[in-house]
Amino acid sequence: MKRINLGDLEFERYEARPEGYKAGIASFGKSIGATMLGATVYELPPGQSVGPYHYEYGNEEWALVLQGRPTLRRPNGDEPVEPLDVICFPVGPEGAHNFTNQTDETVRVLLLSTMVDPALAVYPDSDKIGVFPGDEHHGDHVMVRRESHVDYYDRET
């Protein structure tokens with residue numbers, strides 16, 4: 001059995017990300033031998049978000065607030081969350097979510113997700129759909145806008 005201590009995580013910084021999304025990220029599921037669940041801690045400086053507002057098809061996500069009081073955006077509006085709050089984001093539009101740090105202190109949120117392949121995420125604000133088969137950094141991932149929809153038989157005949 002492998003284990004880690006969340007206090008020992010080292011966060012990757014993605015400076016190429018646009019302002020508003022400059023979270024520190026520490027993914028550790030694979031390092032403890034997980035194959036069915038993914039786990040990532042996001043460290044949010046003031047004014048930063050985990051990522052774009054989205055929902056998933058095929059994968060359920062959970063969040064555990066480790067530190068600070070982030071704002072959680074859900075389909076029914078924004079709500080403050082507290083340290084040690086646990087939230088489930090079900091599959092589909094009712095599970096849409098995003099965390100933003102609107103305070104002056106650092107926030108840490110642990111996100112857990114099932115790892116059903118391929119992953120499909122919908123981004124309502126930008127009207128995009130992302131498909132991520134396998135490792136999104138090495139697989140045939142696709143990000144498209146809904147308006148790029150083509151007919152099922154497009155280029156087949």
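The figures follow:
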item	result
Highest-fluctuation residue, G20, G68, G33 considered, GNM on the chain with Cα pairs under 10 Å	G33
Rounded, prolate or oblate (a/c below 1.5 giving rounded, otherwise prolate when a/b exceeds b/c) for segment 71-115 by Cα gyration tensor	oblate
M115/R74 FRET efficiency (R0 22 Å; Cβ-Cβ; nearest 0.05)	0.40
Choice from V81, V50, V109 with maximal GNM fluctuation in the chain (Cα, 10 Å cutoff)	V81
Projected label distance in nm at H149 and M1, using a 7 Å step from Cα toward the beta-carbon	4.9 nm
Relative contact order, percent, the chain [alpha-carbon distance under 8 Å, six or more residues apart]	22 percent
Part-to-part distance (alpha-carbon centres) for segment 9-45 and segment 90-146, which is given in Å	13 Å
Hits among aspartates and glutamates - C-alpha to C-alpha of K30 under 20 Å, sequence gap 8 or more where chains match	D8, E10, E12, E43, E60, E61, D117, D135, E136
Backbone N within segment 98-117 under 15 Å of label point (7 Å from L66 Cα along the Cβ vector)	106-113
HN-Hα J in Hz across segment 28-37 - Karplus 6.51, -1.76, 1.60, θ = phi - 60°, x for Gly and Pro	9, x, 4, 5, 9, x, 6, 10, 10, 10
Amide proton proximity set for E60, modelled H, under 5 Å, gap of 5+	T114
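Quick note: the coordinates plus some simple rules give every number you see, no bench work behind them. None of these values were measured; they are calculated from a predicted model. As a convention, Cβ positions derive from the backbone with ideal geometry for all residues, glycine included, and neighbour counts pool all protein chains shown.
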